[in-house]
1. How many residues are over 19 Å from Pro160 (Cα atoms) and either charged (D, E, K, R) or modelled with pLDDT of 90 or more (or both) if we restrict to segment 122-149?
2. Would you mind listing the helices (runs of 4 or more DSSP H) fully within segment 3-96 where at least 1 residues are closer than 30 Å to Val140 by Cα and open to solvent by 90 Å² or more (accessible area, probe 1.4 Å)?
3. Kindly establish whether Arg116 is surrounded by 13 or more Cβ atoms within 10 Å (Cβ to Cβ) and outside any loop (DSSP other than H, G, I, E, B).
4. Among the residues that make up segment 153-160, is at least one of them within 23 Å of the chain's Cα centre (by Cα) and at pLDDT 90 or above?
5. With the checklist (1) modelled with pLDDT of 90 or more; (2) over 27 Å from Pro102 (Cβ atoms) in hand, flag the one item Arg204 doesn't pass.
6. Here are some residues: Arg134, Arg149. Which one is within 17 Å of Pro185 (Cβ to Cβ), part of a strand (DSSP E or B) and either open to solvent by 30 Å² or more (accessible area, probe 1.4 Å) or of a type in the set (Phe, Trp, Tyr) (or both)?
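The values are calculated or read from the model by the stated rules, or taken from the named source; none is laboratory data. Given the structure is predicted, the values throughout are model-derived calculations rather than measurements. We place every Cβ from the backbone using ideal geometry, glycine too, and count neighbours over all the protein chains shown. Side chains are part of the model used for accessible areas, which takes the heavy atoms of the whole protein and leaves out ligands, DNA and RNA. Shrake-Rupley method; radii C 1.70, N 1.55, O 1.52, S 1.80 Å.
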Amino acid sequence: MRRTVVNRVLLGLVGAVLLGVGVLVLAGGLDLYRRLGVHPPHWWPLTSPDQPVVSARSRGQWVASAWWWPTVIGGLTVLVAGMAWWLVAQLRRSGLPSIAVPTPGVSGLRLRVGARALEEALENGTAVLPEVERAGVRLVRAPRHPRLRGAVRLRPGGDPAALVEHFEYGPRADACGSLRLAELPADLRIRVLQAAPAEPRHGRGRRGRRQPRVE
């Protein structure tokens, strides 16, 4: 799963939880339950402006329990560790800003090509096939050498084998030759769209044509 998807899911979940808790707290603080005649959830303690979130009896009972402090400390430790991991993951970039080009026979010369320029050249070279609907390529870090990660979406009836052969001996080979790289590994993910089913000539529940679905 890509980082942007994970971020959106996490932010959506956290936002939904905070929004729900905030609405419950606001309703209790404004005494909306009594005014509107609405019954709050049975597990929610704050039902009126004068009622604390955690009663003194509950606080004393929980603190006196043997599981209270280990649970609190363990939960906070896991929370802090998870937030630290998420922060480090945001600061660490998987993509490369540029790639070094070998300059044999020339000392003291360092030549680099922008990653985005290389990615656009590979994307345009892949999208020339008529059966390609969309192509995306990224240059990412790897332990030994840079690596390409591509995602291509083919129209219904597209040939993945022909696409792989075109990418291998076309855009990728041109990139290796232009940059004088001995190798440039690539991971290519291909998706083929399904053709929309034909509309029935007769039918009662006719709702329109279905859109192609990505398999």
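1. Of the residues in segment 122-149, 4 are over 19 Å from Pro160 (Cα atoms) and either charged (D, E, K, R) or modelled with pLDDT of 90 or more (or both).
2. 3-29, 68-91
3. The answer is yes for Arg116.
4. yes
5. Tallying (1) modelled with pLDDT of 90 or more; (2) over 27 Å from Pro102 (Cβ atoms), Arg204 fails exactly one: (1).
6. Every option except Arg149 fails the conditions.
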